[in-house]
1. Using the structure shown, list the pairs from LYS122/LYS220; LYS61/LYS114; LYS18/LYS61; LYS158/LYS199 with a Cα-Cα distance above 19 Å, or answer none.
2. So if the hydrodynamic radius of segment 2-213 is defined as the Kirkwood radius over C-alpha pairs, what does Stokes-Einstein give as its diffusion coefficient at 37 °C and 0.692 mPa s, in µm² per second?
3. Sort ARG37, ARG16 so the one with the fewest other Cβ atoms within 10 Å of its own Cβ comes first.
4. Normalised by the residues of the chain, what does the relative contact order come to in percent, with Cα pairs under 8 Å and at least six apart?
5. Can you give the local net charge around SER74? Use residues other than it whose beta-carbon is closer than 15 angstrom to its beta-carbon, Lys and Arg +1, Asp and Glu -1.
6. Could you derive backbone 3J(HN,Hα) for segment 187-203 from the dihedral phi with the Karplus parameters 6.51, -1.76 and 1.60 (θ = phi - 60°), listing whole Hz in sequence and x where the residue is Gly or Pro?
Amino acid sequence: MCVQSDLLQKMQDTYRHKGLRKILAEELRQKGITDQRVLDAINTVPRHFFMDSGFINFAYKDSAFPIGAGQTISQPYTVAFQTQLLDIQPMEKVLEIGTGSGYQTAILLEMGAKVFTIERQKELYLKAKAQLEAIGYHPHFFYGDGYLGMPSYGSYSKIIITAGAPEIPQALVEQLQVGGKLIAPVGDTQKQVMTLVEKVSETETVITQHGNFIFVPLLKGTSSR
Ligand code: SAH
């Protein structure tokens, strides 16, 4: 009973939620997010739908929160920053590594991208799939190891890694189209540098760095829990 009423409360998007989202989008604009399409997506996607029940009241704080299985929903600023650097265009094929809560996935979909998203933790994969589908978002979901990408669906215009990678997985650079962009936090478990890889030809990339962040780690293999 309790779980059900929790879910009902969670699935409501009230004027209060909408107002808090508007304030959050304005906060992100003040922190340097300039792409209006990213801010519009932040203003549209109900982040509280993606939070664990204990944290719903904090959904519009610009912070990361636990989502179970030792993972976190990324801070809205980080989601907006990574998305802005990717310069997402409608109908583009985007590969996301680390579905987590599904919030970043919803932001990409809201911007018109065709999203392919991979999660290595079974529990989170099932939860995000159910949640996104319940509110009408339909990416292609995969339970698997994002280190390997998803080559069977061809190449991608953009790739986003939402966990801290010790290095850029070569398989992902191979699955990026020429002219495409990959964004990843690269570093050890303490600190990562936001790294943008632009594929300028079949054999060449241009790499730029965009400040320090802290993510949960990108791990190899899958977890059936
Ligand atoms: N974008 C998500 C971020 C979740 S945290 C959100 O805002 O909710 C990062 C996620 O990456 C975790 O769910 C973790 O399980 C997942 N992950 C880590 N290594 C992975 C890998 N090799 N393949 C796929 N997912 C991975």
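None of the figures in this text is laboratory data; all of them are computed from the coordinates on show. Just so it is clear, the structure is predicted and the values come from calculations on it, not from any experiment. All Cβ positions, even for glycine, are placed from backbone atoms using ideal geometry, and neighbour counts span all protein chains on display.
1. In this structure, LYS61/LYS114 exceed 19 Å between Cα atoms.
2. Working: Rh = 17.3 Å.
Estimated via Stokes-Einstein, D reaches 189 µm²/s.
3. ARG16, ARG37
4. On the way: 448 pairs, mean separation 33.4, N = 225.
Relative contact order for the chain comes out at 15 percent.
5. Residues close to SER74 contribute a combined charge of -1.
6. These are the phi-based 3J(HN,Hα) values: x, 8, 6, 7, 7, 10, 9, 5, 10, 9, 10, 10, 8, 8, 7, 4, 10 Hz.
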